[in-house]
Amino acid sequence: MFMGQEDNRELISKDKLLKIANDLIKGDFEYLDGMEATDVVQNGEVLVFKGEYFFDDQGLPTPKTNAVFNMFKKVTTELSKKYKVA
C-alpha cells in the first residue's frame, strides 16, 4: 500500500485464493478450455498466479499462451486489491 495508507486486504489461504481465481477464470467470456491457476505467490503488493501457458513443442508461445497470460493479468489486477496470501 502507499505510505500512510492502511492495508485493508483480507488475508486468505492459497487454496481459497486459487478457488476464487479459478471461478473468475472459468466465468470469464475469454475462458479457453484448460485455463487454470495452479499456484499463487505474493510478490510485494501483487498476487502472481501460475499455471499452464500452453507453449508449443519448441517452447514457443502459441495463441493460447497470450490468452492465458492476459487472463492471469486480469485476475491478478482484480484480486490483488482485495486479498493477500496468509
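Computed from the coordinates by the stated procedures, all read-outs in this text should not be read as laboratory data. Source: prediction; values computed, not measured. A quick note on method: Cβ atoms are made from the backbone with ideal geometry, for glycine too, and the neighbour counts reach across all protein chains shown.
Answer yes if at least one residue in the stretch 18-36 is touching a residue at least 12 places away in the same chain (Cβ under 8 Å) and loosely packed, with under 12 Cβ neighbours inside 10 Å, and no otherwise. Checking the stretch 18-36: at least one residue is touching a residue at least 12 places away in the same chain (Cβ under 8 Å) and loosely packed, with under 12 Cβ neighbours inside 10 Å. Entry remark, the stretch 37-55: residues being closer than 22 Å to LYS16 by Cβ and without any contact (Cβ under 8 Å) to a residue 40 or more places away in the chain number 12 in total. For the stretch 42-55, the tally of residues that are of a type outside the set (Phe, Trp, Tyr) and either in contact with an Asp or Glu (Cβ under 6 Å, 6 or more places away or on another chain) or under 15 Å from LEU32 (Cα atoms) (or both) stands at 3. Look at the stretch 56-79: where a residue is within 16 Å of ASP33 (Cβ to Cβ) and a partner is assigned to a helix (DSSP H, G or I), sitting 6+ places away or on another chain with Cβ atoms under 7 Å, you get MET71/ILE25.
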